[in-house]
Amino acid sequence: MEALLSQFTFLSNQALSDKNFDPSTIEELMKLFELEAYKSWASLELEQQKEVEEAEISMKEAEAYLDSVMDSAMEEFRLFEEELERTSKAEYDSLVQTADNARKMGKLMEKAATIASKKYIEAAMNSATSTMKMAWKGISSKKVHPS
């Protein structure tokens, strides 16, 4: 492009100083300018197209990386969720077992209390019966208790 500008300057100076200057020479130079402009434009467009393709490739790589990271994060979340569920189930089962043991213990204590109260009632009845027998014996023998 600089060579064309230099040539244009030279031809312009020649046109000013030479009365026999042929204007078609400048027209040929203008066609060369036009051709150079189209070449530059095509070169810039090709460069822009390459940059667009590179950007698309970079975008696809970034998307693939993001997908990979998201898949990894989701897998880690699933593993965490499974572990949490196992832990929760174990804790739940432990609580259920403890509740069952407490219920069984309560039933055993109820049975023990029932048996103890029956024994107490039986002992009280035996004591009362024994006292009554002794009182009847005392009345029948006409002895008086020392107290």
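The values are calculated or read from the model by the stated rules, or taken from the named source; none is laboratory data. Computed from a prediction, not measured in an experiment: that's the story for all the values here. For neighbour counting, all protein chains shown are included, and Cβ atoms are generated from backbone atoms with ideal geometry for every residue, glycine included. Calculation scope for accessible area: heavy atoms of the full protein, side chains included, ligands and nucleic acids excluded. Shrake-Rupley method; radii C 1.70, N 1.55, O 1.52, S 1.80 Å.
Apply the Karplus curve 6.51 cos²θ - 1.76 cosθ + 1.60, θ = phi - 60°, to the phi angles in region 16-28 and return the couplings in whole Hz, x for Gly and Pro.
6, 9, 9, 6, 9, 5, 8, x, 5, 5, 5, 4, 4
Could you provide, to the nearest whole Å², the per residue accessible area of the chain with probe 1.4 Å? Working shown, then result.
Numbers: 13440 Å² over 147 residues.
So the chain comes to 91 Å² accessible per residue, rounded to a whole number.
Just to check I understand the Karplus step: with θ = phi - 60° and J = 6.51 cos²θ - 1.76 cosθ + 1.60, what whole-Hz values come out for region 44-59, glycine and proline as x?
Going residue by residue, I get 5, 5, 5, 4, 5, 4, 5, 5, 4, 5, 4, 5, 5, 5, 4, 5 Hz, with x marking Gly and Pro.
Taking all protein chains in place and a 1.4 Å probe, what share, in percent, of the accessible surface of the chain do carbon and sulfur account for?
Carbon with sulfur: 62 percent of the solvent-accessible area.
Can you work out the FRET efficiency for the pair LEU16 and LEU46, with r the C-beta to C-beta distance and R0 = 41 Å, to the nearest 0.05?
0.55
Under the rule of -39500 (n - 2.57) per DSSP H run of 4 or more residues, summed and divided by the residues of the chain, what mean residue ellipticity at 222 nm is obtained, to the nearest 500 deg cm²/dmol? Intermediate values should be presented prior to the final figure.
Numbers: 2 runs with 134 residues, N = 147.
Computed ellipticity for the chain at 222 nm equals -34500 deg cm²/dmol.
Could you go through region 127-135 in sequence order and give the Karplus-derived ³J(HN,Hα) for each residue, using 6.51 cos²θ - 1.76 cosθ + 1.60 with θ = phi - 60°, rounded to whole Hz, and x for Gly and Pro?
For region 127-135, the Karplus-derived couplings read 5, 5, 5, 5, 5, 5, 5, 5, 5 Hz, x marking Gly and Pro.
Determine, from the Cβ-Cβ distance of THR25 and SER58 and an R0 of 35 Å, the FRET efficiency 1/(1 + (r/R0)^6), rounded to the nearest 0.05.
After rounding, the FRET efficiency stands at 0.10.
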